[in-house]
Amino acid sequence: MKFMIHGGILSRTLQSISGVVPSGKTLPILLNYCVKLNGSQLVITSSDLETTISVKLDLETVDANGVKEIAIPAKIFSEIVSSLSSQQLIIDIKEDYSIEIKADAGVYNLVGESAESYPAEITLENAEKSVFSSSVMSKAISKTIFATDTTGIRPQMSGVLCEQSEEGTVFVATDAHKLVKYTRTDCKHEEAKSFILPRKTLSFLNKLLASKTEDIEVVWYNNVNNIKFEFDNYCVVSRLIDGKYPNYNMAIPKNNPNKLIIDRNMLYDSVKRVSFFANPATNQEVFKLSENTLVLSAQDSDLSTKATEKLSCNYQGEEMEIGFNANFLLEMLNNVDSELVIIELSSPDRAGIILPYEEEAKESEENILMLVMPVMLIN
């Protein structure tokens with residue numbers, strides 16, 4: 001096959017799927033892009049066996065004779081195309097899998113191989129269909145993925161739980177120290193179902209969706225084992241995580257009589273400043289609550305450093321001292337969109353709940369609840 005394409009278009013395309021190409025020890029064939037010619041369309045695929053991303057490019061000038069599919073070394077192909085991103089390219093793939101790239105700057109030759117052993121495209125049998133907008137999908141990922149478990153000890157908690165029903169769709173992530181429950185009432189499904197989406201796949205998907213300047217439709221197809229996302233000219237296929245997700249509802253305290261209402265940005269800035277003085281091993285920050293007053297403090301006894309800040313707030317409840325991991329609080333506050341937040345508490349040894357707060361009740365198609373476990377106070 002032989003085709004003409006602008007280097008900038010090809011470079012951006014390769015960059016968008018390059019993250020899936022494994023690094024380190026892996027099957028040698030996975031270190032390649034699979035490049036296939038379908039009529040006047042070029043299909044480029046990268047895979048690590050768990051996640052596969054394919055993208056289609058329309059070509060204007062094509063010679064379809066000869067090889068229709070080839071595995072091209074990903075690293076050198078990406079590098080040379082990136083360096084020629086301002087030029088028009090003519091790429092000629094010959095019968096012996098040798099590749100010639102012609103540009104204004106010169107001629108470049110490399111060698112590919114047969115794509116026969118490249119992982120075949122997964123066909124989803126008995127798949128169910130769902131449709132989301134890219135903005136909703138991207139928001140659901142961004143507001144949950146940071147709370148997934150990264151230790152690898154509990155595979156089910158390394159992904160995001162998705163529960164669909166007639167009432168809407170719920171996305172849940174937790175690492176046992178923090179939990180996020182993000183609900184969309186505008187994304188309903190006739191039959192109730194649930195599955196666990198891998199964090200790595202969601203990260204790739206979110207990067208692709210973030211690059212879109214307009215809101216587009218994202219179509220899901222999933223069965224028991226796999227899920228496929230189709231949008232624009234991309235297709236993302238991934239295995240689902242096996243196993244049962246923990247009963248997250250059991251972890252959410254129901255009776256929380258102590259309520260703190262405070263400006264989100266003010267609290268975020270204060271927590272961040274005070275956290276500079278916390279012990280790096282625990283990141284402990286103490287909340288001392290009394291009527292309409294919040295005192296934040298942190299200290300590192302090893303370095304003899306300490307910080308205290310006093311904030312005005314609306315607090316109704318018993319006087320209390322409770323410790324939190326400052327990093328967890330910052331992640332959560334950064335993912336709340338409202339100007340005010342409400343933090344509901346029951347006791348110093350039980351989880352706190354963070355919610356967006358609106359002075360006037362408003363109907364919304366989205367709801368978010370965040371839970372953060374307290375840390376033991378260390379003097």
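Listed values, structure above:
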item: Among (1) open to solvent by less than 30 Å² (accessible area, probe 1.4 Å); (2) more than 27 Å from THR148 (Cα to Cα), the one test that SER346 misses; result: (2)
item: The one condition in (1) over 31 Å from the mean Cα position of the chain (by Cα); (2) open to solvent by less than 50 Å² (accessible area, probe 1.4 Å) that VAL55 fails to fulfil; result: (1)
item: Any chance LYS188 is assigned to a helix (DSSP H, G or I) and open to solvent by 60 Å² or more (accessible area, probe 1.4 Å); result: no
item: Tabulated pairs, region 43-64, first assigned to a strand (DSSP E or B), second open to solvent by 60 Å² or more (accessible area, probe 1.4 Å) and of a type in the set (Gly, Ala, Ser), C-beta under 6 angstrom, 6+ apart or interchain; result: VAL62/SER40
item: Qualifying position, being loosely packed, with under 13 Cβ neighbours inside 10 Å and in a loop (DSSP other than H, G, I, E, B), among PRO246, PRO280, PRO253; result: PRO280
item: Matching residues in region 18-34 - criterion: being open to solvent by less than 80 Å² (accessible area, probe 1.4 Å) and either among the hydrophobic types (A, V, I, L, M, F, W, C) or outside any helix (DSSP H, G or I) (or both); result: VAL20, VAL21, PRO22, GLY24, THR26, ILE29, LEU30, LEU31, ASN32, TYR33, CYS34
item: Candidates LEU161, LEU197 - the one that is open to solvent by less than 50 Å² (accessible area, probe 1.4 Å) and farther than 22 Å from SER364 by Cβ; result: LEU197
item: Filter result for the condition that a residue is at pLDDT 95 or above, surrounded by 13 or more Cβ atoms within 10 Å (Cβ to Cβ), among the charged types (D, E, K, R) and out of contact with any Phe, Trp or Tyr (no Cβ under 8 Å at 6 or more places or on another chain), over LYS310, LYS228, LYS288; result: LYS288
item: Unmet requirement for GLN15, which otherwise passes all of (1) under 13 Å from ILE53 (Cα atoms); (2) open to solvent by less than 40 Å² (accessible area, probe 1.4 Å); (3) not in a strand (DSSP E or B); result: (2)
item: Contacts under 8 angstrom Cβ, first residue in region 294-319 being more than 12 Å from LEU267 (Cβ to Cβ), partner acidic (Asp, Glu) and open to solvent by less than 80 Å² (accessible area, probe 1.4 Å), 6 or more apart; result: VAL295/GLU309; SER297/GLU285; SER297/GLU309; ALA298/GLU285; LYS306/ASP300
item: Number of the exception - VAL170 against (1) closer than 19 Å to THR144 by Cα; (2) out of contact with any Cys (no Cβ under 7 Å at 6 or more places or on another chain); (3) open to solvent by 20 Å² or more (accessible area, probe 1.4 Å); (4) touching a residue at least 24 places away in the same chain (Cβ under 8 Å); result: (4)
item: Selection count, region 88-110, where residues are exposed (fewer than 12 other Cβ atoms within 10 Å of the Cβ) and either part of a strand (DSSP E or B) or without any contact (Cβ under 8 Å) to a residue 12 or more places away in the chain (or both); result: 4
item: Criterion violated by SER130 - all others in (1) open to solvent by less than 70 Å² (accessible area, probe 1.4 Å); (2) part of a strand (DSSP E or B); (3) within 23 Å of LEU10 (Cα to Cα) satisfied; result: (3)
item: Members of region 138-156 found to be in a helix (DSSP H, G or I) and open to solvent by less than 20 Å² (accessible area, probe 1.4 Å), listed by number; result: ALA140, ILE141, ALA147
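The values are calculated or read from the model by the stated rules, or taken from the named source; none is laboratory data. Worth saying up front: this structure is predicted, and the values here are computed from it rather than measured. We place every Cβ from the backbone using ideal geometry, glycine too, and count neighbours over all the protein chains shown. Ligands, DNA and RNA are excluded from the accessible area calculation, which covers all protein heavy atoms including side chains. Shrake-Rupley method; radii C 1.70, N 1.55, O 1.52, S 1.80 Å.
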